[in-house]
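The values are calculated or read from the model by the stated rules, or taken from the named source; none is laboratory data. These numbers come from a predicted model, not from an experiment. When we count neighbours, we look across all protein chains shown, and the Cβ atoms used for this are built from the backbone with ideal geometry, even at glycine.
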Amino acid sequence: MTAVLDRRAGLRVAAGIVVLLAVVGVGVGALWWWVAPVAQVRIEADGGYLTQSQPQEYITADAWFALLTAGVGLVAGLVTWWRVRVERYGAVVGLAVGGGFGAVVAWQTGEWLGRVDLDALAQAPVGTVADVALGLGLRGLLLVEPLAALLAWLAVDLLVDRTA
């Protein structure tokens, strides 16, 4: 009976962390959309063309996403380690799953906010300069948040004596 109660308590802790990181993911996605630069196109008679031959905004947007999700992961790992005393396995599972889910929520929120109306852009007059839609080029960056959270948890767990 005690093992069942322990599992339920661990699942509650994990679920709480997953929900919290998903909610934070909405804010991270909005912040990513706000700070990440996007490339621009100039509308010509035969289509749209990038204003720069090699725009760096694509790499910079990915870097901002990685930086923001790494920060959230580090803070989540540290705070969870300090707050959770008993259900440590549930907390670690919550950080892994919640970090991944929170990163996906941030990605989708940022792309949704940074979308471009292609129909309106197709009707724009020649010479119009418009932003390109915000997007995540490297899908592997979705692993930054859960990895940062787990590394923060591990580092603190190895360096700090919990019994003291």
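Restricting attention to region 87-108, does a residue exist that is surrounded by fewer than 24 Cβ atoms within 10 Å (Cβ to Cβ) and not in a helix (DSSP H, G or I)?
Scanning region 87-108 turns up at least one residue that is surrounded by fewer than 24 Cβ atoms within 10 Å (Cβ to Cβ) and not in a helix (DSSP H, G or I).
In region 35-50, how many residues are within 21 Å of the chain's Cα centre (by Cα) and free of Cβ contacts under 8 Å to residues at least 12 places away in the same chain?
Keep residues of region 35-50 that are within 21 Å of the chain's Cα centre (by Cα), which gives 35-39.
Now drop any that are not free of Cβ contacts under 8 Å to residues at least 12 places away in the same chain, which leaves none.
Matching residues across region 35-50 total 0.
Would you mind finding the one in 79, 116, 41 that is assigned to a helix (DSSP H, G or I) and surrounded by 13 or more Cβ atoms within 10 Å (Cβ to Cβ)? Don't jump to the end; show me each part of the working.
Values: 116 fails: assigned to a helix (DSSP H, G or I); 41 fails: assigned to a helix (DSSP H, G or I).
Testing whether each residue is assigned to a helix (DSSP H, G or I) and surrounded by 13 or more Cβ atoms within 10 Å (Cβ to Cβ) leaves just 79.
Name the residue that is nearest to residue 135 (Cα to Cα), counting only residues in region 44-58 that are loosely packed, with under 13 Cβ neighbours inside 10 Å and not acidic (Asp, Glu). So that I can check it myself, show each step before the final result.
Applying the first criterion (loosely packed, with under 13 Cβ neighbours inside 10 Å) to region 44-58 yields 44-47, 49, 52-54, 56.
Narrowing the set further to residues that are not acidic (Asp, Glu) leaves 45, 47, 49, 52-54, 56.
Numbers: 45: 26, 47: 21, 49: 18, 52: 18, 53: 19, 54: 16, 56: 13 Å.
Result: 56.
If the requirement is being at pLDDT 95 or above and among the charged types (D, E, K, R), which of these qualifies: 46, 6, 62? Working first, answer last.
Working: 46 fails: at pLDDT 95 or above; 6 fails: at pLDDT 95 or above.
Checking each option against the conditions leaves just 62.
On the given criteria, is residue 34 buried (at least 19 other Cβ atoms within 10 Å of the Cβ) and either of a type in the set (Val, Ile, Thr) or over 16 Å from residue 139 (Cα atoms) (or both)? Let's see the steps before the verdict.
Values: buried (at least 19 other Cβ atoms within 10 Å of the Cβ): no; either of a type in the set (Val, Ile, Thr) or over 16 Å from residue 139 (Cα atoms) (or both): yes.
Spelling it out, it is not the case that residue 34 is buried (at least 19 other Cβ atoms within 10 Å of the Cβ) and either of a type in the set (Val, Ile, Thr) or over 16 Å from residue 139 (Cα atoms) (or both).
List, please: which pairs have Cβ atoms under 9 Å, are six or more places apart or on different chains, and start with a residue in region 1-19 that is loosely packed, with under 14 Cβ neighbours inside 10 Å and end with one that is at pLDDT below 95 and not basic (Lys, Arg)?
Note: pairs meeting the criteria are 7/90; 9/86; 9/87; 9/90; 12/87; 12/90.
Looking at 158, 136 in this structure, which one is surrounded by 16 or more Cβ atoms within 10 Å (Cβ to Cβ) and either hydrophobic (A, V, I, L, M, F, W, C) or over 21 Å from residue 50 (Cβ atoms) (or both)? Walk me through it before giving the result.
Numbers: 158 fails: surrounded by 16 or more Cβ atoms within 10 Å (Cβ to Cβ).
Of 158, 136, the one residue that is surrounded by 16 or more Cβ atoms within 10 Å (Cβ to Cβ) and either hydrophobic (A, V, I, L, M, F, W, C) or over 21 Å from residue 50 (Cβ atoms) (or both) is 136.
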